[in-house]
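A short write-up of the structure that comes next.
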Amino acid sequence: MKLSILSGGLQSSVQDRGRFGSRKFGVTAGGALDSAALRLCQLLVGNDESAAGIEIGGGRFTFRCENERLLAWQGGNVVATIAGEEIPARRTIRLIPNETVEIRASRPGRAWLALSGGIDVDVVLGSRSTDLAGGFGGANGRFLRDGDVLKLGTETIATKELRGQITQRQSDWSAPLFPLRKERLRVVPGKDWTDEAGSEMQRATFRVSVQSDRMGLRLEGHALSVGTGAGEQVSAPVAPGTVQVPPHGAPIILLADCQTIGGYPQIAHLASVDLADAAQLQPQDEVRLFCVALEDARGWLRKRERDIALFRSGLRARFGY
Amino acid sequence: MKISPLGDAALLLDFSREGSRAEEILQEVICAAQTLEAERIQGVVEVTPAFQTIGVYLDEQTASLPPEKSLPLLETAIRAAIRKRRSPTWRRRRRVEIPVCFDFELDLARVAERCALPPEKIIEKFLTAKFTVACIGFRPGFPYLRGLPKELRVPRLDSPRPRVPAGAVAFAGEHAGIYPLVSPGGWNVIGRTPQRLFDVTADPPALLAPLDQVRFRRITREEFGTQRE
């Protein structure tokens, strides 16, 4: 039942879909920066979509499972290999006991992986996600390190059915691909949007700063000179994807580990589906922001949810679980 | 009360209005938040109150429903729920006394100079003040406390400290606060409490909640030492 981490890579952590219900205590919702990617990986290995997996921040992540497991992974600019043999993303992969899996970013990029049974760390405040600010959840509230050993949970019936259908290394089925748009992020107006500030924001080309992390992407390269009509304000709730404009004018795109409330003007919010794109952005990447209608953003979310639901029910129908 | 989108997967309820005192608005916000939570509206994952606003976070299903179907229904449900004004089932307001030790270096001397008051006067004014919890946010269990005497209003630090000790009692602008855990912080720290403000094993995990009344009680360095786990 053990998962041994040989090298922890950069900023890797145990994450699930997020910690909901505790924002009112100042606890961030957190969870995988691309929760759709992790959900699909969980379905590929026969887990519930709310199971915990691992988010790999970059670098070289290698591990070994002591028994037979199913694996699925997804990410950008990432190559996964077992004994030098490349294993594809978005498919169900059979692991034999004790073989070493390596997931390596060819250039900095994030990836998510799921293992059958799920990562079995304690549930804290309803979730297995790692809360770095609070120092709890996941693997003791911190990034994974070389030498960490994690427990894997009990496999489901779905896992056993899926395994039975794979004769060699990988499945013939695959999860849907949601193509990334990366440098062109779509936003809807926020409460402090003004047409002037919004125009300036859309004309600008930003670069991701090295000061970026799971809490947010700091954008540099252009400081918004046109105020949103408000200086620092009474703090109000924010969400992952909220685009804040601090006094110095360089926007911040909040991500999963963002704080629960914020006092900076909120000029816009990323379309939820574009959080997956934001999750792949690395320091020095260029970013442009484009305003779209709220109904379009919700429509893309609807399509994505429908595709995930179809994939889920497709697997069930095909394999009878 | 205005309802507007907070991105495509959440709503913002805005209770701010001209002519009302901050305390009145806060009461309304907290009552509404507690009522909404108790109501368990389909599709609402959680409800987060702030000073004048409430964030209502939706699940992906609900957020992605065609707007003609979902938004009007949701708004109607939210407004109807709030009108009910059910008595809070969340928790009753508490009076809490927080022990604080002022015998640490930190920012007391600097604040005293800034306010043109001796340090002991700063402490005296802080200890006699009656605070109300306005909001829990920024960090797990971090309370924004209203009621800081006017004479103690100083701006936050020019550059935040990368590391404020756990239990740091601080203030900036209109609010006082307590950092439950080690974190970066830009407020002026005048003391420390051994009191735990956040415990994931407790229910609820945060010691304080909006509308709780808070006062501070002075303790010695020795008492601070023995009270800390």
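Below, the figures for the structure above:
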{"item": "Residues within the range B:178-226 that are in a loop (DSSP other than H, G, I, E, B) and aromatic (Phe, Trp, Tyr), tallied", "result": "1"}
{"item": "Number of positions in the range B:34-61 that are in contact (Cβ under 8 Å) with a residue 60 or more places away in the chain and of a type in the set (A, V, I, L, M)", "result": "1"}
{"item": "Cross-chain or 6+ apart pairs with Cβ under 7 Å, the range B:196-214 first and on the phi > 0 side of the Ramachandran plot, then basic (Lys, Arg)", "result": "B:Leu211/B:Arg93"}
{"item": "Single condition B:Gly141 does not satisfy, out of (1) assigned to a strand (DSSP E or B); (2) surrounded by 20 or more Cβ atoms within 10 Å (Cβ to Cβ)", "result": "(1)"}
{"item": "Out of A:Asp277, A:Asp257, sole residue that is more than 13 Å from every other protein chain (Cβ to nearest Cβ), closer than 23 Å to A:Arg19 by Cα, under 18 Å from the mean Cα position of the chain (by Cα) and open to solvent by less than 60 Å² (accessible area, probe 1.4 Å)", "result": "A:Asp277"}
{"item": "Counted residues, the range B:15-35 - those being assigned to a helix (DSSP H, G or I), within 13 Å of another protein chain (Cβ to nearest Cβ) and of a type outside the set (A, V, I, L, M)", "result": "1"}
{"item": "Lone unmet requirement of (1) more than 14 Å from chain B (Cβ to nearest Cβ); (2) outside any strand (DSSP E or B); (3) more than 19 Å from the chain's Cα centre (by Cα) for A:Asp122", "result": "(1)"}
{"item": "Top-ranked residue of the range A:74-100 - restricted to ones that are assigned to a loop (DSSP other than H, G, I, E, B) and of a type in the set (D, E, K, R), ranked as most open to solvent (accessible area, probe 1.4 Å)", "result": "A:Arg90"}
{"item": "Any strands (runs of 3 or more DSSP E) falling wholly within the range A:128-206 and containing at least 1 residues that are of a type in the set (Gly, Ala, Ser), touching a residue at least 60 places away in the same chain (Cβ under 8 Å) and crowded, with 16+ Cβ neighbours inside 10 Å", "result": "A:170-174"}
{"item": "Selection count, the range B:130-181, where residues are within 9 Å of chain A (Cβ to nearest Cβ) and hydrophobic (A, V, I, L, M, F, W, C)", "result": "5"}
{"item": "Answer from B:Glu151, B:Glu105, B:Glu97 - the residue that is surrounded by fewer than 16 Cβ atoms within 10 Å (Cβ to Cβ) and assigned to a helix (DSSP H, G or I)", "result": "B:Glu151"}
{"item": "Any hit, the range B:66-77, residues being open to solvent by 20 Å² or more (accessible area, probe 1.4 Å), within 14 Å of chain A (Cβ to nearest Cβ), over 24 Å from B:Arg17 (Cα atoms) and assigned to a loop (DSSP other than H, G, I, E, B)", "result": "yes"}
{"item": "In the range A:300-310, the residues that are surrounded by 18 or more Cβ atoms within 10 Å (Cβ to Cβ) and more than 8 Å from every other protein chain (Cβ to nearest Cβ)", "result": "A:Trp300, A:Ile308"}
{"item": "Selection count, the range B:48-64, where residues are more than 7 Å from every other protein chain (Cβ to nearest Cβ) and either open to solvent by 50 Å² or more (accessible area, probe 1.4 Å) or assigned to a loop (DSSP other than H, G, I, E, B) (or both)", "result": "1"}
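The values are calculated or read from the model by the stated rules, or taken from the named source; none is laboratory data. This structure is a prediction, so every number in the text was calculated from the model and none was measured. Note that each Cβ is placed from the backbone with ideal geometry, even for glycine, and that neighbours are counted across all protein chains shown. Keep in mind that these areas ignore ligands, DNA and RNA; they rest on the heavy atoms of the full protein, side chains included. Shrake-Rupley method; radii C 1.70, N 1.55, O 1.52, S 1.80 Å.
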